[in-house]
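A.B. asks: Before anything else, here's the structure in question.
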Amino acid sequence: MRANSSAPTMKTWRKLAYSFGSLGAAVPYQAVQTYIIFFYADVMKLPIELVGYTMILYGIWNAINDPLFGYLSDRTRTKWGRRIPYIVGGLVPLVLVFIFLWIPPFSAADGNYIPLFVYFTVMMFLFDGLFTLVVLNWTALFPEMFTSLEDRSMVSMWRQLFGNVGLIIGIALAPTIYGKLGWKSMAIIFGIITGISLAISLWGSKEADPVEYEKPLDVLPALRYTLANKSFMTYVVPYMLIQFTFVMIMAMVPFQAKYVLNIADEQSTLILGAAFVTVFIALFPWTRYIIKAGSKQAASRAIAIFAIALIPFGLARTFTTGILGGALVGAGLAGLLLLFDTLLIADVIDEDQLHTGQRREGMYFGANALFIRLAISVQALVMSQVLKASGYDPNLPSQPASIVTGIRSLMTVIPIIALIAAFLVFRMYPLYGDKLVKMKKELESTDKTA
């Protein structure tokens with residue numbers, strides 16, 4: 001059985017409402033990934049190595065909660081569905097934890113290093129657990145609700161449009177907001193936006209009739225099938241490396257703005273805004289190109305464009321060159337957001353159904369999130385160690401000249417190496433061309449006989 005394979009085309013308003021959840025997913029996630037290290041290290045004065053340790057522990061927690069929550073989601077059986085109850089139950093706690101993450105009751109400036117370290121670690125665990133619970137289940141609805149390449153491409157484009165608004169708010173506008181209103185106000189504003197947009201997405205969400213659910217696989221066979229799937233592994237490893245690069249670049253922008261370009265918070269907003277305006281412009285042509293050329297070819301080109309654009313962006317010396325570099329980054333980023341966030345993994349899940357006879361969105365999105373969060377933890381470790389080796393110390397009245405080299409290496413050399421590796425691994429991705437067409441036909445045949 002394949003959920004809604006024979007259902008009538010979903011109404012446009014429902015597609016738009018569902019897609020609006022991308023804004024609520026992007027705002028807190030991007031704010032945390034981009035500014036949490038800067039906030040706790042540079043603002044709260046927590047030693048950079050302790051910040052790195054928190055992110056390592058956070059990665060270990062992710063190794064547990066992402067596939068676990070995905071597996072539990074696949075096995076859940078209620079009259080309200082198996083995904084939606086988790087979204088409803090976790091939404092308000094997620095908003096509250098996100099807000100309190102930015103309002104620590106301790107300050108390292110007062111010598112409270114350990115209490116601040118413990119608070120940061122606990123709140124990151126709570127935030128990520130609740131974020132996974134809500135957003136994994138919201139994301140897992142996508143392959144079930146939309147089955148054709150045209151529908152998936154269009155809804156993916158809408159998701160990225162709303163998600164890009166979330167990126168602009170969570171990343172580009174954040175410096176202006178916390179610069180003028182403070183970090184606490186930023187947290188409250190972003191929390192409210194998160195709650196409202198994900199609530200709207202629930203209005204457009206729809207699950208299959210609970211009586212149609214297949215008997216789920218046990219946990220060990222489910223995990224074995226997932227990790228042994230060549231299509232999944234050749235998708236998720238490149239995606240992990242791309243996320244490592246993206247989070248590294250975004251997390252380094254506040255440091256670049258302050259210590260390399262010597263610009264105000266409002267100006268860094270303009271640099272990031274240039275990137276995301278380009279994403280807006282590029283989403284539609286990328287969507288058309290994906291439908292014409294196929295996902296694999298489009299993804300390979302998007303990786304290459306993104307890697308090349310990092311050179312002028314990471315080596316920028318002035319505010320103007322920073323804006324130009326940001327615009328170039330957005331051109332490649334648009335394609336990556338469309339393809340790796342939803343389209344490629346949806347095909348992987350379709351193929352898995354042919355082999356297992358199950359729809360296992362929860363397990364796949366959980367395993368996908370595991371790899372992505374591990375990439376983020378590795379990024380935080382690499383970033384903290386390189387900054388420390390470069391002489392960074394938030395308590396110094398001025399940073400040594402060597403920090404410029406460290407920041408630029410974190411924005412160019414290291415990310416480009418990761419993207420080259422992503423490009424090479426993705427060349428082995430098998431779901432394209434005739435094989436993909438054949439797989440889709442087999443799946444349609446299976447659905448008709450189910």
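The values are calculated or read from the model by the stated rules, or taken from the named source; none is laboratory data. Note that the structure is predicted; figures quoted are calculated from it, not measured. Cβ coordinates were reconstructed from backbone atoms using ideal geometry, including for glycine residues, and neighbour counts include every protein chain displayed. The accessibility values were calculated without ligands, DNA or RNA, using every heavy atom of the protein model including side chains. Shrake-Rupley method; radii C 1.70, N 1.55, O 1.52, S 1.80 Å.
A.B. asks: Given region 298-412 reduced to its alpha-carbon atoms as identical point scatterers, what log10 I(q)/I(0) does the Debye formula return at q = 0.10, 0.11, 0.16, 0.18 Å⁻¹?
C.D. replies: One equal scatterer on each Cα of region 298-412 leads to -0.48, -0.56, -0.93, -1.04.
A.B. asks: Cut-off 10 angstrom, C-alpha nodes, Gaussian network model of the chain. Which of 14, 159, 224 fluctuates the most?
C.D. replies: Largest GNM mean-square fluctuation: 224.
A.B. asks: At a 1.4 Å probe, what is the % contribution of carbon and sulfur to the accessible area of the chain?
C.D. replies: Carbon plus sulfur share of accessible area: 68 percent.
A.B. asks: While we're here: Is there a quick way to get the dipole size of the chain? I mean about its Cα centre, with the Cβ of Lys and Arg at +1 and of Asp and Glu at -1; what is the value in debye to the nearest 20?
C.D. replies: In debye, rounded to 20, the chain gives about 600.
A.B. asks: Take region 360-450, compute every pairwise Cα distance, and split them into 5 Å bins from 0; I just need the percent in each bin.
C.D. replies: It works out to 3, 10, 11, 14, 14, 11, 9, 7, 6, 5, 4, 3, 2, 1, 0, in whole percents.
A.B. asks: How big is the chain in terms of Cα radius of gyration and Dmax, in angstroms?
C.D. replies: When restricted to the Cα atoms of the chain, Rg and Dmax are 21.3, 71 Å.
A.B. asks: Another question, if that's okay. In whole Å, what is the distance between the alpha-carbon centres of region 237-273 and region 286-337?
C.D. replies: Between the Cα centres of region 237-273 and region 286-337 lies a distance of 14 Å.
A.B. asks: Between residue 60 and residue 80, what FRET efficiency comes out of the Förster formula 1/(1 + (r/R0)^6) with R0 = 41 Å and r the beta carbon distance, rounded to 0.05?
C.D. replies: That gives a FRET efficiency of 0.80.
A.B. asks: Show which aspartates and glutamates lie in cross-link reach of residue 258 when reach means a straight Cα distance below 14 angstrom and same-chain residues fewer than eight apart are skipped.
C.D. replies: 42, 266, 393
A.B. asks: A further question follows. Given the pairs 230/441; 45/180; 15/292; 79/438; 79/440, which span a C-alpha to C-alpha distance of over 25 angstrom in this model?
C.D. replies: From the list (230/441; 45/180; 15/292; 79/438; 79/440), the Cα-Cα distance tops 25 Å for 79/438; 79/440.
A.B. asks: May I ask you to compute the full-extension gain from residue 297 to residue 265, defined as 0.36 nm times their residue separation minus their alpha-carbon distance, rounded to one decimal in nm?
C.D. replies: Separation in residues times 0.36 nm, less the Cα-Cα distance, equals 7.7 nm.
A.B. asks: Same structure, new question: Please state, as a whole number in µm²/s, the translational diffusion coefficient that the Stokes-Einstein equation yields for region 219-345 at 10 °C and 1.306 mPa s, with Rh defined as the Kirkwood radius across alpha carbon pairs.
C.D. replies: Estimated diffusion coefficient is 101 µm²/s.
A.B. asks: Here's a follow-up. Could you check the spin-label model distance between residue 92 and residue 107? Points 7 Å from the Cα along Cα→Cβ, value in nm.
C.D. replies: Taking the simple label geometry, residue 92 and residue 107 are separated by 3.3 nm.
A.B. asks: Taking only protein heavy atoms and a 1.4 Å probe, what accessible area per residue, in Å², does the chain have with all protein chains in place?
C.D. replies: Per residue, the chain has an accessible area of 38 Å².
A.B. asks: Stretched out fully, how many nm does the piece from residue 281 to residue 304 gain, at 0.36 nm a residue minus the Cα gap?
C.D. replies: 6.4 nm
A.B. asks: Go ahead and run the numbers for FRET between residue 404 and residue 17, Cβ-Cβ distance against an R0 of 56 Å, rounding to 0.05.
C.D. replies: So the FRET efficiency works out to roughly 0.75.
A.B. asks: Determine by what factor the alpha-carbon radius of gyration of region 400-450 differs from 2.2 N^0.38 Å, reporting the quotient.
C.D. replies: In units of the globular-protein estimate, region 400-450 measures up at 2.20.
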